[in-house]
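Input: a single structure, listed below in structure tokens.
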Amino acid sequence: MKISKIFAGMSALAMAATMAMSASAATTFPIENGPTDDWGNAFPKWTNAEGKEVDDFIDAKSLTAGTALDVKVDFNWADVGVTNGYCLIGPAFANGWAKFATTDGYVSNIGKKSELTQDEETGKYKDADGNEYDYVMQDDGFIVTGIQECTSVSFTLSADCVDAMIANANAENGWDGIIFQISGVQVTGVELSQDGVKLNSQMTTGDDTSSSNSSNDSGNSSNTSSNSSSSSSSSSSSSSSSKSSSSSKTNTTNTNTTKTSSTAATSSKASDDTNASTGATAGIALAGLALAGAAAVVSKRK
């Protein structure tokens, strides 16, 4: 065998190994003592350089452009969620709190409530093929579950969605990213499929303590999730339309605890950071819609 062919083979193997490693890269954000306030942000607040207490968020400036993002959110049920019989998690633009799922094509790999029927006895949702879902996405962009054994949800944000956030963040006086508006839960951690992602608090303070690791289990990086989310979405993962994303399978570990930063204005375009409460106010205004949708979860089971 010619030496050139040997080197070519070695080069191909090295390239394949590099691709496998990059595919398995992920970032995790463990959250200790996270907020439980209804309609608030899942990330704890932090104090910025101006001495203001502001919401934290996943900073879009640290995301990878042109690449879809798999997201897994772990949580515990808060007392209000147990009392109400359901809980809600709304993945949204940090700048404005508009829900990603309200834009067509931005969210996938999760069942849509409007396309499913709910089992009145179990509270699970079923599609036409009989596949069951522990949690589903409402039309208002909130993920809802009435299954108290469900303690994590997963979904995928499209490359277009990621690029929209990055464009907002890099505009003049712009910023954007990801927040999770909650009701009835306390989020304990967030896992992303991209490597090197930072919270706004980490970006702002220059905290270089990495919350990223590359998984050694590269074979499970693409679209498997049933292992890490089985307790929360075992029935969801039985269907390809509701399988948890690749991020829910990556075996990353991290002892970083999260702090927090700001939210404001609109998600459709970047805005200056002049009113950190604007986003939260907009989010609360949308909460009534989520309540109306979630109430059906309970009423059907009574």
Study note, to complete from the structure: So Thr117 and Thr67, fully extended at 0.36 nm per residue minus their Cα-Cα distance, gain in nm 14.8 nm
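I need the shape label for the stretch 77-156. Rule: rounded when a/c is under 1.5, else prolate if a/b > b/c, else oblate, with a, b, c from the alpha carbon gyration tensor.
Numbers: a/c = 2.24, a/b = 1.20, b/c = 1.87.
Since a/c reaches 1.5 but b/c is at least a/b, the shape of the stretch 77-156 is classed as oblate.
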Point to revise | Above-threshold pairs, the threshold being 21 Å between Cα atoms, out of Lys72/Lys198; Lys61/Lys112; Lys61/Lys99; Lys45/Lys198 | key: Lys61/Lys112
**Study point:** For Thr145, distant residues with modelled amide H under 5 Å away
**Key:** Cys87
Exercise for review: May I ask you to evaluate 6.51 cos²θ - 1.76 cosθ + 1.60, the Karplus curve with θ = phi - 60°, for each residue of the stretch 32-42 and list the ³J(HN,Hα) values in order in whole Hz, giving x for glycine and proline?
Suggested key: 9, 6, x, x, 10, 4, 4, 6, x, 8, 5
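Test of understanding: what is the full-extension gain from Glu32 to Asp163, defined as 0.36 nm times their sequence separation minus their Cα-Cα distance?
Details: separation 131, 0.36 × 131 = 47.16 nm, distance 2.96 nm.
Contour length minus Cα-Cα distance gives 44.2 nm.
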Practice item. At a Cα cut-off below 13 Å, give the aspartates and glutamates reachable from Lys126, other chains included and same-chain residues fewer than 8 away excluded. Key: Glu115, Asp134
Revision key, fill the gap. Ala171 and Asp79 label points (each 7 Å along its Cα→Cβ direction) are spaced in nm at 4.2
Study note, to complete from the structure: Applied in sequence order to the stretch 85-91, the curve 6.51 cos²θ - 1.76 cosθ + 1.60 (Karplus, θ = phi - 60°) yields integer Hz couplings, x standing for Gly and Pro, of x, 7, 9, 9, 9, x, x
Point to revise | Amide H contacts of Ala98 (H built 1.01 Å from N, under 5 Å, at least 5 apart or other chain) | key: Phe93, Ser267
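Work through the residues other than Ile182 whose Cβ is under 11 Å from its Cβ and net out their charges, Lys, Arg +1 and Asp, Glu -1. Kindly include the intermediate steps, with their values, before the conclusion.
Details: positive: none; negative: Asp37, Asp38.
So the environment of Ile182 carries a net charge of -2.
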Exercise for review: Enumerate the calculated ³J(HN,Hα) couplings along the stretch 186-195 in order (Karplus 6.51 cos²θ - 1.76 cosθ + 1.60, θ = phi - 60°), each rounded to whole Hz, writing x wherever the residue is Gly or Pro.
Suggested key: 10, 6, 10, x, 10, 10, 10, 7, 8, 8
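Laboratory data are not the source of any read-out in this text; all were calculated from the coordinates shown. All values reported here derive from a predicted model rather than from experimental measurement. Positions of Cβ are generated from backbone atoms using ideal geometry, with glycine treated the same way; all protein chains shown enter the neighbour counts.
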